[in-house]
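Data block below; observations after.
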Amino acid sequence: MSLYDHTPCIHSFASFNYWFRAFDVRTTRIDSWPNASPSISSPHLNAMAEALKAIPNITRLSDCVFRILGQNPGRFSLQGTNTYLISPPESSGPVAVSGSDSDSSQEAIPSVLVDTGEGIDAYEPLLESVLLGKHESSKAKRFVTDIILTHWHNDHVGGLHAVLALLHRTRPPSVSPPRIHKFPHSTDANIEHKLASLDPSSAAFSPPPSSSKSLHTIQDARTIQLSDLLTEKITLKALHTPGHTSDHVCIFFEQEGRLFTGDHVLGQGTSVFEDLGAYMRSLQRCSKALEEPEAGVGGVGEVTLYPAHGPIIEEGKAMLAQYYSHRLERENQIIALLREPPPAALDEQAKGAGEEKAWSIKQVVAKLYASYPEHLWPAAARGIFLHMHRLAMLDPDAGTNGGELVSPRVKCLDTPDGLAPAIPEGNKAMHEWGKLMDHRWTLADASVAGQTGKL
Ligand SMILES: [Zn+2]
């Protein structure tokens with residue numbers, strides 16, 4: 001879509017706040033966890049506009065990995081959440097366990113579950129069938145020793161309770177309950193609270209030793225401490241990738257050279273984010289990690305990505321680069337637009353804007369997304385604000401690397417210091433987002449140019 005092909009229509013502005021609020025309500029998910037704060041969730045404009053590719057309920061992706069679909073399709077979760085079961089190969093994986101009859105013994109393969117879906121009833125029998133060796137691709141029995149949560153969103157952690165109950169019911173008696181691993185976040189208290197409410201006699205999970213917490217902490221750039229049964233068979237390395245959420249992690253599966261990307265990179269469309277600056281730094285970081293064999297993560301050749309939504313991505317490095325350049329392209333479009341006088345004021349608020357070349361988010365969206373259906377504009381508005389936020393902040397990397405702080409390229413005329421207002425979060429977010437749509441933005445000076453860059 002080129003920049004200046006379309007003229008915004010007046011009705012769009014008149015109804016914009018209504019649209020934005022309507023969108024915000026639809027995408028605000030009050031988790032089933034107690035006291036959860038609302039979040040704007042999941043995938044994205046392009047995927048909303050394009051047909052979704054079919055994903056089977058259960059897929060054997062490799063010797064070691066099953067993908068099990070969370071049964072929660074929707075406008076924002078696409079085909080639903082992909083959960084993944086990782087096990088050693090059947091030739092080396094099984095260990096002896098005692099069966100439900102205490103005299104019997106059998107073999108089963110210890111496994112790791114990545115994400116738990118949203119808690120939809122239809123998911124449970126699918127996971128159970130794989131664990132019981134009833135899928136056509138494998139007759140081997142499996143049990144889960146470790147659960148990894150990629151981030152706090154409900155379509156990833158909402159199924160935890162039901163999954164723990166299933167694992168408790170199907171686990172061989174001689175096997176310890178699973179550990180739950182997660183990168184720390186402010187909403188972890190909700191998960192902890194829910195886990196604490198479980199009947200202690202059910203022994204549904206294994207908490208970390210000598211800690212009052214239930215969750216095992218995932219540490220950036222470290223190998224996740226899986227059950228002893230899996231040591232040396234499965235190596236999963238965590239990469240903290242904030243942006244989509246501040247607690248997001250991608251997981252590198254060393255034995256097969258695959259990256260589980262959670263919501264950081266999706267199989268269709270592109271991900272949304274809480275903080276674009278952090279998100280772009282995480283894209284760079286992921287890409288760099290996949291290029292560095294000495295870091296024990298990636299190396300030469302392509303890397304397959306296993307996303308939490310949408311089909312697998314065979315050319316992972318190329319996809320990361322594409323995500324990055326797509327964002328820079330959008331940013332450069334915004335900078336080019338800010339060089340132009342904004343369209344004539346179309347409502348009373350815009351008339352008060354004053355500055356000749358100051359644009360509101362509403363005006364930018366109406367111009368850049370003129371060819372998209374209007375019901376997608378509110379989501380676009382949020383994305384444009386996050387771009388403005390990145391452009392109107394000091395570069396945090398420049399400061400931390402000891403270099404000089406790079407001046408913001410855009411200034412906001414409605415904050416005292418010209419820096420971007422804070423990104424709304426929490427219970428006031430809906431109201432705050434509405435107000436931000438009328439803030440006025442302009443280039444910091446005439447010499448500001450777009451950036452080019454490759455991963
Ligand atoms: Zn998410």
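Across the stretch 244-270, the qualifying residues are those that are buried (at least 20 other Cβ atoms within 10 Å of the Cβ) and of a type in the set (Gly, Ala, Ser), and the one among them that is farthest from the ligand (Cβ to nearest atom) is Gly267.
Any residue in the stretch 273-285 that is more than 17 Å from Asp115 (Cβ to Cβ) and either aromatic (Phe, Trp, Tyr) or modelled with pLDDT under 85 (or both)? Checking the stretch 273-285: at least one residue is more than 17 Å from Asp115 (Cβ to Cβ) and either aromatic (Phe, Trp, Tyr) or modelled with pLDDT under 85 (or both).
For the residues Leu113, Leu166, Leu160, the requirement of being within 16 Å of the ligand (Cβ to nearest atom), modelled with pLDDT of 95 or more, out of contact with any Lys or Arg (no Cβ under 7 Å at 6 or more places or on another chain) and closer than 16 Å to Ala204 by Cα singles out Leu160. Exactly one residue out of Thr150, Thr145 is surrounded by 22 or more Cβ atoms within 10 Å (Cβ to Cβ) and within 16 Å of the ligand (Cβ to nearest atom): that is Thr150.
No other residue among Ile218, Ile234 is surrounded by 15 or more Cβ atoms within 10 Å (Cβ to Cβ) and under 26 Å from Met280 (Cβ atoms) apart from Ile218. Checking the structure you have, find out if any residue of the stretch 122-135 is of a type in the set (Val, Ile, Thr), more than 16 Å from the ligand (Cβ to nearest atom) and modelled with pLDDT under 95. No, the conditions are met nowhere in the stretch 122-135.
Does the stretch 394-410 contain at least one residue that is at pLDDT 90 or above, among the basic types (Lys, Arg) and buried (at least 21 other Cβ atoms within 10 Å of the Cβ)? There is no residue in the stretch 394-410 that is at pLDDT 90 or above, among the basic types (Lys, Arg) and buried (at least 21 other Cβ atoms within 10 Å of the Cβ).
Contact annotation: residue pairs with Cβ atoms under 6 Å, 6 or more positions apart or on different chains, pairing a residue in the stretch 197-213 that is surrounded by 15 or more Cβ atoms within 10 Å (Cβ to Cβ) and small (Gly, Ala, Ser) with a partner that is modelled with pLDDT of 85 or more and part of a loop (DSSP other than H, G, I, E, B), are Ala204/Pro177; Ala204/Leu198; Ser206/Ser176; Ser206/Pro177.
Which numbered condition trips up Glu128, out of (1) within 27 Å of Asp263 (Cβ to Cβ); (2) of a type in the set (Asp, Glu); (3) part of a loop (DSSP other than H, G, I, E, B)? Checking Glu128 against (1) within 27 Å of Asp263 (Cβ to Cβ); (2) of a type in the set (Asp, Glu); (3) part of a loop (DSSP other than H, G, I, E, B), the one that fails is (3). Considering Thr235, Thr217, Thr223, Thr241, the condition of being within 16 Å of the ligand (Cβ to nearest atom), of a type in the set (Ser, Thr, Tyr) and either without any contact (Cβ under 8 Å) to a residue 60 or more places away in the chain or in contact with an Asp or Glu (Cβ under 6 Å, 6 or more places away or on another chain) (or both) is satisfied by Thr241 alone.
Yes/no per residue for (1) modelled with pLDDT of 85 or more; (2) in contact with a Ser or Thr (Cβ under 7 Å, 6 or more places away or on another chain):
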| site | (1), (2) |
| --- | --- |
| Glu340 | yes, no |
| Glu348 | no, no |
| Lys357 | no, yes |
| Leu368 | yes, no |
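Cβ-Cβ contacts under 7 Å between residues 6 or more apart (or on different chains), taken from a first residue in the stretch 175-195 that is at negative phi to a second residue that is of a type in the set (Asp, Glu), are listed as Pro178/Asp146; Arg179/Asp146; His181/Asp146; Lys182/Asp188; Phe183/Asp247; Pro184/Asp247; His185/Asp247; Asn190/Asp31.
The values are calculated or read from the model by the stated rules, or taken from the named source; none is laboratory data. These figures come from a predicted structure and were not determined experimentally. Please note: Cβ atoms are built from the backbone with ideal geometry, for glycine as well, and neighbour counts cover all protein chains shown.
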